[in-house]
Each structure stands twice: as C-alpha cells, then as structure tokens.
Amino acid sequence: MQTSRGISLVTILVVLAILVVVAAFAIPAWHDRVARDHIEEAMKSTDAPKLVVMEAATTKGGLAHVTRSDLAYNAGPPGEYVDKIELGDGGRITLTTRNTGTKPDPVLVLLPVEPAADNSSRTISWTCTMVIGNQSAAPVACAGTGQAAAAPPATAPAPAATSVQ
C-alpha cells in the first residue's frame with residue numbers, strides 16, 4: 001500500500017488564507033507606523049520656533065503679551081516632511097507637513113501653556129493637536145483631538161499667523 005506524502009490542496013489554501021488575514025492587519029499598521037515616524041520627524045522642526053516663543057514670552061512678560069510680530073524666526077529651507085511653519089499670536093505654532101504617506105498631509109497646531117505661578121521651573125509646556133489628517137497616524141505627543149482645549153484662553157489666539165517657509 002502506498003501513502004501520499006505530498007501537501008494537499010486544502011492545506012495550501014488554509015495556509016494562504018491565514019497569510020492573507022495576517023497581511024490585512026499588518027500592512028495598514030505598518031503604513032500608519034511609517035507615517036507616524038515621518039510626522040514625528042517633521043515635529044522636530046518646531047524645536048527652534050518653540051525657543052523663539054519662549055524667549056518672546058520671557059521678554060514680553062508672558063504668553064498673553066506675545067504677538068506674531070514679536071516672533072522673528074527665519075526657518076531656512078523646509079525639511080523633507082515640512083511644508084511650512086506658521087507662528088501666531090500667543091506663541092501658536094502651526095506645522096503643515098508634506099510627503100508623510102497619509103492623505104491629506106497632517107496639519108498640527110502646537111499651543112504653549114504657561115506654568116502655574118507656584119511652579120519653580122517656569123518652563124512653558126506645549127499641547128499638540130492634529131487638526132487635519134488621519135488620527136491613527138498621529139504622533140504620541142498629538143494623540144487625541146481635544147488637547148488644545150485645555151490651554152488657557154490667553155494661549156489660544158486667533159488664527160492670525162506669520163508664514164515662514
């Protein structure tokens with residue numbers, strides 16, 4: 001009596017079906033991770049404007065007194081994932097990204113928050129909100145959409161901004 005030692009067609013189809021199911025979950029997760037990495041790279045370009053805002057807040061006596069004309073910033077050429085950076089009243093920073101792998105490319109708003117008067121470090125903290133883009137690709141610092149609402153009214157200025165490219 002002879003026994004078959006080959007792989008049956010049913011076994012091949014089951015393995016193929018398992019691979020398709022795994023790929024259906026893994027590929028979108030990988031795509032979001034790559035896009036998140038690109039957005040985080042673009043966010044690094046806001047480090048210098050944050051320093052400009054902190055300096056202006058120090059010299060003007062607080063974020064409530066900072067206007068966009070106080071925020072002199074020459075960004076130089078934009079980065080690979082940065083389309084433009086805008087500085088606005090109260091220290092608001094708007095980052096428009098490009099080539100991140102998501103459609104539409106995300107727009108992030110960073111709002112400075114002054115420390116409490118009893119805070120000895122007196123360091124400005126930042127809230128971040130992704131106002132345009134796929135929330136699943138939002139960096140950890142911008143997870144969620146309601147963070148900007150927590151900023152004090154003095155730090156949530158009107159949308160007027162100075163464009164820097």
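The values are calculated or read from the model by the stated rules, or taken from the named source; none is laboratory data. Everything numeric here is computed off the predicted structure, so don't read it as measured data. Here Cβ is always computed from backbone atoms with ideal geometry, including for glycine, and neighbour counts include all displayed protein chains. Just so you know, the surface numbers come from the protein's heavy atoms only, side chains and all, with ligands and any DNA or RNA stripped out. Shrake-Rupley method; radii C 1.70, N 1.55, O 1.52, S 1.80 Å.
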**q = 0.15, 0.22, 0.35 Å⁻¹: log10 I(q)/I(0) that the Debye formula gives for the stretch 1-41, counting C-alpha atoms only** = -0.56, -0.75, -1.03
**Asked** What's the FRET efficiency of Asn74 with Ala26 using the Cβ-Cβ distance as r and R₀ = 41 Å, to the nearest 0.05?
**Response** 0.45
**Prompt:** What percentage of all Cα-Cα pairs in the stretch 1-138 are separated by more than 17 Å?
**Reply:** 67
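How would Ser8, Ser45 rank on accessible area, largest to smallest, probe 1.4 Å?
Numbers: Ser8 55, Ser45 35 Å².
From most accessible down to least: Ser8, Ser45.
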**Request:** Give, as a single signed number, the net charge of other residues whose beta carbon lies under 11 Å from the beta carbon of Asp70, with Lys and Arg counted +1 and Asp and Glu -1.
**Result:** 0
**Prompt:** Roughly speaking, to the nearest percent, how much of the stretch 11-141's 1.4 Å accessible area is carbon and sulfur?
**Reply:** 61
**Asked** Toward the positive end of the charge dipole of the stretch 11-145, about the Cα centre and with charges on Cβ (Lys, Arg +1; Asp, Glu -1), which of Val15, Thr97, Thr59 goes farthest?
**Response** Val15
**Message:** Heavy atoms of the protein only, probe of 1.4 Å, neighbouring chains included. What is the accessible area of Asp47 in Å², nearest 10?
**Reply:** 80
**Request:** Show the residues, 5+ positions off or on another chain, whose built amide H is closer than 5 Å to the amide H of Val82.
**Result:** Arg98
**Request:** May I ask you to derive the FRET efficiency for Lys44 and Leu19 from their Cβ-Cβ distance with R0 = 30 Å, giving the value to the nearest 0.05?
**Result:** 0.20
**Asked** Taking a 1.4 Å probe, which of Trp126, Trp30 shows the most accessible area, and what order do the others take after it?
**Response** Trp30, Trp126
